[in-house]
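Student: Structure in structure tokens, see below.
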Amino acid sequence: MAEARDYRAIGTRPVRPDGVDKVTGRANFGADMNLPNMIHGKVLRSPHAHARIKRVDGSRALEMPGVYAVISGADFPSGAEGEISGEGGGTVSDLAMNIMARDKALYHGHAVAAVAAKTAFLAETALELIDVEYEVLPPVLDVDVAMEPGATLVNENQRTRGNESAGPSNIAAVTKFERGDPEAGFAAADVVVERDYRVPTAHQGYIEPHACTASLDEQGRATVWCCTQGHFDVRSMTAGVLGKSVGEIKVIPSEIGGGFGGKTVIYLEPLAVKLSELTGRPVKMVMSREEVFRATGPTSASHCKIKVGAKRDGTITAATAWLAYEAGAYPGAPVGPGCMSVFAPYDLENFRIEGFDVLVNKPKAAAYRAPGAPQSMHAMESAMDELARGIGMDPIDLRLENCADEGTQAPYGPVYPPIGIRKCLEAAKVHTNYTTPKAEGTGRGIAAGFWFNIGMQSSAEVRLSEDGTVTVMEGSPDIGGSRASMCLMAAETLGVPYDVVRAHVGDTESTGFCNVTGGSRTTFATGLAVVQACEDIIAECKQRAAATWDVDADQVDWTEGEAIPKPGVNIDVQPLSLADIAGSMGRTGGPILGRASLNAQGAGAGFSVNFADVNVDQETGKVDILSFTAIQDAGTAIHPSYVEGQMQGGAVQGLGWALNEEYIYDDNGVMENAGFLDYRVPVASDMPMIDTQIIEVPNPSHPYGVRGVGETPIVAPLAVTSNAVSDALGFRISDLPLSPPRVLAAIDAHEED
Amino acid sequence: MEAYAYARPTTLDEAVSLLAAHANEGRRTQLLAGGTDVLVQMRSVDREPRTLVDVKHIADTNRLDIDSDPVFIGSAIPSAILNENEELKSLFPGLIEAADLIGSTQIQGRATIGGNLCNSSPAGDTIPAIIAAGGVCVIAGSGGTRRVACEDFLTGVGTNVLEADELLVGLEFPRPKGRTADGYLRFIPRTEMDIAVAGAGVALSLDDGGTCTAARVAIGAVAPTALLVPAAADALIGTKVDDEALAAAGAACTAAASPISDKRGTIEYRNKVVAVLCRRAGANARDRALAR
């Protein structure tokens, strides 16, 4: 059982080991791999959102000097089987078709062919010479339209899981769970709020486009260099798509320029391997920003309906949620986690939750930071705000009144172990930014956030060098400072200074299996493996000390980085430091290394409470975020600066989604804003300093009490913004984004009423 | 990117001869100043071969005459130079705030207001400010030098009056006298690094009693080109530029606008916001003039 306690390394804020290389430009990212004789691959993408592919003919392109190969769907095996192991889920078969369309192109930008040529420019020019004959079909572009009976079908063979006999449908799956008697609960309520909420498609917005280089040797063994959140999953997915075994593929991860869930899946790697196989040369593929927007994972647009009722004293009597998420072209919208998170902060007697995974002619949804939770919790947390107004209660008090605690059965099933939602709410209530009255004419909004966090499989090896330095080898690509956290946990466990520990992310053949960096699992699960591997080292060091002192190993203690005789063991020896033992390990039994592999359980849910003050320009509809406060339970903050960084970064992504980010489609399903100019992520000057407060309710399933912290931060800002803008305006706008044209139109419509 | 040529003339004559020779041979040229539009377009939408004619190494395009009347700003002078010039800021606060809105600090080290004008985007930020300040384009060509008022320079989306053998040497502005000042505002959904959804520039002169004796109002991003709006100026002239007059000028801007609905804003939105910007920019110009 972990408890808050004094640590020597954990909780300090050293410089991250990868920092200097990143600011000097020395670090290698996905597009930085270059090999002798390397050629370049480019993808031809569908100009139609929905079309049957009648014919793909690359012969004219192949005649061009400098063009080496052209591939299309026919070059890949059909009938791939199995589920993919990444965070988002889905089948290998769908993944394979998403990477390279077969008989139908299902969204504008869907890959239909690829070419390899001497230069990237030549490859792009050659794309224009690939002849594709399409039969254009009408696209279905909206979740509500797609759910209507008789709607155009994205996939004629798609049936609703569990209801296959009902015939083809765009609804791939329905999730439903219920407790108590919601109708009786609503009947007992004094105030009921019922409203529809829409959240647009949003992209993860990582700065680094997808990139990879693949080289196939004469024995058919492929090496792939790429930017990814999980190279073991890249290996299995690439193998699945190509019909190879994982043993034939080695994946080497580069540094990663942002992923946020979007680099847990693959798009280019099988194409590059196939092109390398056909040409006998290394093939590099780098997406343009436009391709990233048109063809890689956004998260789902959603339509959510919430109904929630409460007594005058604030007790919620019932709540229902109806959640429809756009999956894009293949099943797999994150509506399951959306359903599971919608009521997570609350202890509810009566509720019903229904979720729909709906196909539309848009890119296949991929994981994005707390996949599914921002959409559903935007709806619920907005409804909670309206409910608080309806009964005349402070919105924090309303949440405290219904707050889940240790022992509460979560709406999604399990009984909560210790959780931090109540402490976050209490901290918000007394925070200076909350007790200070808002400025005249501004609005204030508050909301709660939640993410499950996950465990899954991790491995770690820890090796001692003869000078006492420590090498940590693990398999979690570092997307948020995890190498610093691994070093801190290793230093804490071994009792050595942070700067003698070096953490490395090994490739698929240099370290044990590791699932993706996703689900906020890395510091928890891979951290657990590192701690256990360090304990392995300590056990071995005690053995070596015992042998040196000629006592039994159980007569040796390990404290403050040294082997010492246990209290009561009467021998006259000097303590042996880790460096002492490392220096003599060649004579005492050989190299010392520790290892651990595990499938971690008990990740520990992460809750947050955020609030903000905003100003709305009543004449232009522009919303300015004046202040933003993020309070979150981190379990134990291993490296507080990087926890705060996650809280701030997540807040900014959530605010961007709330304010301006959205996919704008024309009637033909062509995205009109496929670039950072018009897909408006916030710029630094749009944002106030994000104030942070870390709450620490240690997770009993981790030796240092770690909970994941990476995803929860994006969840609350959506409803915070909606609630604050509604407070400033005096009426509610329930749909996002709260872009100036939408806000001004709402102001005008409200004045006309 | 194969088949590009680059020329770096050092005199206007050399530049004009080069342009004329290419035109005669039917070869495409493109003028290059800071390149902040040209290089982006070459890498994305327009990859056809051409000869880039760099205008940055010609004395005339680098000339900056601040103490004269008219004031002259060479077409190759990067906005960073303008933005840091206190005298220019004091003479044309609106024009300089427009120049300072474009791009980041790094981009401003290259970007020029001449280039912004020649790119002729409907949303070009400096264009309404140039028009409001009475800017006149000085154009060199095979036939000699000609002058065209900025509002007449633009002919459509991305097009202007420059012939294939001509280049913009610079811009002349009448030196502001007495209580004369300008203001420019644009609307973007973010705080920077964005393209105008609507823009408005106002330059006006006040007499000793604070009554407006002359005004020029120009709007951007709400029509195929930036527009001079005489009706908006008329609404200000003879008034104290009070709320009522500003509202009338704003309404005139809305009336003159013919925006489109696109990913950056709807027709209704642009029509409303251009009036708001005119009122606010007009109030800024008035307050600056009163302070002189």
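The values are calculated or read from the model by the stated rules, or taken from the named source; none is laboratory data. Computed from a predicted model, the values in this text were never measured in an experiment. Cβ: placed from backbone, ideal geometry, glycine included. Neighbour counts: every protein chain shown. Calculation scope for accessible area: heavy atoms of the full protein, side chains included, ligands and nucleic acids excluded. Shrake-Rupley method; radii C 1.70, N 1.55, O 1.52, S 1.80 Å.
Student: Would you confirm, using the coordinates I've provided, whether A:GLY240 is assigned by TED's automatic domain parsing to the domain that holds A:LEU271 and open to solvent by 10 Å² or more (accessible area, probe 1.4 Å)?
Tutor: Here the answer is yes, as A:GLY240 does meet what is asked.
Student: OK, next. Please state which one of A:TYR665, A:TYR679, A:TYR704 is within 14 Å of chain B (Cβ to nearest Cβ) and open to solvent by less than 40 Å² (accessible area, probe 1.4 Å).
Tutor: Just a single option satisfies the conditions, and that option is A:TYR679.
Student: With respect to the numbered conditions (1) farther than 24 Å from A:ASP405 by Cα; (2) within 20 Å of the chain's Cα centre (by Cα); (3) crowded, with 24+ Cβ neighbours inside 10 Å; (4) more than 14 Å from every other protein chain (Cβ to nearest Cβ), which one is the sole condition not fulfilled by A:PRO717?
Tutor: A:PRO717 satisfies all of (1) farther than 24 Å from A:ASP405 by Cα; (2) within 20 Å of the chain's Cα centre (by Cα); (3) crowded, with 24+ Cβ neighbours inside 10 Å; (4) more than 14 Å from every other protein chain (Cβ to nearest Cβ) except (1).
Student: Separate question: Filter region B:160-202 for residues that are within 14 Å of another protein chain (Cβ to nearest Cβ) and not in a strand (DSSP E or B) and give the result.
Tutor: B:ILE188, B:PRO189, B:ARG190, B:THR191, B:GLU192, B:MET193, B:ASP194, B:ILE195, B:ALA196, B:VAL197
Student: Which of the residues belonging to region B:42-66 are in contact with a Lys or Arg (Cβ under 9 Å, 6 or more places away or on another chain) and not aliphatic (A, V, I, L, M)?
Tutor: Within region B:42-66, B:GLU48, B:PRO49, B:ARG50, B:THR51, B:ASP54, B:LYS56, B:HIS57, B:ASN62 qualify.
Student: Within the bounds of region A:650-659, is there any residue that is among the polar types (S, T, N, Q), touching a residue at least 12 places away in the same chain (Cβ under 8 Å), more than 22 Å from A:PRO374 (Cα to Cα) and more than 14 Å from chain B (Cβ to nearest Cβ)?
Tutor: The answer is no, given that none of the residues of region A:650-659 is among the polar types (S, T, N, Q), touching a residue at least 12 places away in the same chain (Cβ under 8 Å), more than 22 Å from A:PRO374 (Cα to Cα) and more than 14 Å from chain B (Cβ to nearest Cβ).
Student: Determine which member of the set A:PRO737, A:PRO688 is over 23 Å from the mean Cα position of the chain (by Cα), within 14 Å of chain B (Cβ to nearest Cβ) and assigned to a loop (DSSP other than H, G, I, E, B).
Tutor: A:PRO688
Student: Moving to a separate point now. Listed residues A:LYS263, A:LYS311, A:LYS250, A:LYS307; which is open to solvent by 30 Å² or more (accessible area, probe 1.4 Å) and within 30 Å of A:VAL234 (Cβ to Cβ)?
Tutor: Among A:LYS263, A:LYS311, A:LYS250, A:LYS307, only A:LYS250 is open to solvent by 30 Å² or more (accessible area, probe 1.4 Å) and within 30 Å of A:VAL234 (Cβ to Cβ).
Student: Something else about it: Go through region A:30-40 and give me each residue that's open to solvent by less than 60 Å² (accessible area, probe 1.4 Å) and within 28 Å of the chain's Cα centre (by Cα).
Tutor: Once the filter is applied, which keeps residues that are open to solvent by less than 60 Å² (accessible area, probe 1.4 Å) and within 28 Å of the chain's Cα centre (by Cα), region A:30-40 yields A:GLY30, A:ALA31, A:MET33.
Student: So, B:GLY238, is that one modelled with pLDDT of 95 or more and more than 22 Å from B:ALA98 (Cα to Cα) or not?
Tutor: Yes.
Student: Follow-up question, since we're still on this one. Going through region B:35-67 one residue at a time, which ones are closer than 17 Å to A:GLU124 by Cβ and among the basic types (Lys, Arg)?
Tutor: B:ARG43, B:ARG47
Student: From B:THR36, B:THR29, which residue is more than 28 Å from A:LYS118 (Cβ to Cβ) and within 14 Å of chain A (Cβ to nearest Cβ)?
Tutor: Of the residues listed, the single one that is more than 28 Å from A:LYS118 (Cβ to Cβ) and within 14 Å of chain A (Cβ to nearest Cβ) is B:THR36.
Student: Determine the pairs where a residue that is facing another protein chain (nearest Cβ under 9 Å) and among the aromatic types (Phe, Trp, Tyr), located within region B:262-275, has a partner that is assigned to a strand (DSSP E or B) and open to solvent by less than 60 Å² (accessible area, probe 1.4 Å) with Cβ atoms under 9 Å apart, the partner being 6 or more residues away or on another chain.
Tutor: Listed pairs, sorted by first residue: B:TYR269/B:ALA198.
Student: A further question on this structure: For region B:215-261, which residues satisfy the criterion of being within 14 Å of another protein chain (Cβ to nearest Cβ), within 19 Å of B:ASP194 (Cα to Cα) and of a type outside the set (Val, Ile, Thr)?
Tutor: The answer is B:ALA221, B:PRO259, B:SER261.
Student: Let me ask something additional. Somewhere in region B:278-288, is a residue among the polar types (S, T, N, Q), within 14 Å of chain A (Cβ to nearest Cβ) and either in contact with an Asp or Glu (Cβ under 7 Å, 6 or more places away or on another chain) or more than 11 Å from B:ALA223 (Cα to Cα) (or both)?
Tutor: Within region B:278-288 (the criterion being among the polar types (S, T, N, Q), within 14 Å of chain A (Cβ to nearest Cβ) and either in contact with an Asp or Glu (Cβ under 7 Å, 6 or more places away or on another chain) or more than 11 Å from B:ALA223 (Cα to Cα) (or both)), the answer is no, since none of the residues qualifies.
Student: Something else now. Among all residue pairs at least 6 apart or on different chains, which show Cβ distances below 7 Å where the first residue, located in region B:84-99, is part of a helix (DSSP H, G or I) and the second is open to solvent by 50 Å² or more (accessible area, probe 1.4 Å)?
Tutor: B:PRO93/B:ARG288; B:ILE96/B:LYS89
Student: Given the condition open to solvent by less than 10 Å² (accessible area, probe 1.4 Å) and not in a helix (DSSP H, G or I), answer yes or no: does some residue in region B:259-266 qualify?
Tutor: Checked region B:259-266: at least one residue is open to solvent by less than 10 Å² (accessible area, probe 1.4 Å) and not in a helix (DSSP H, G or I).
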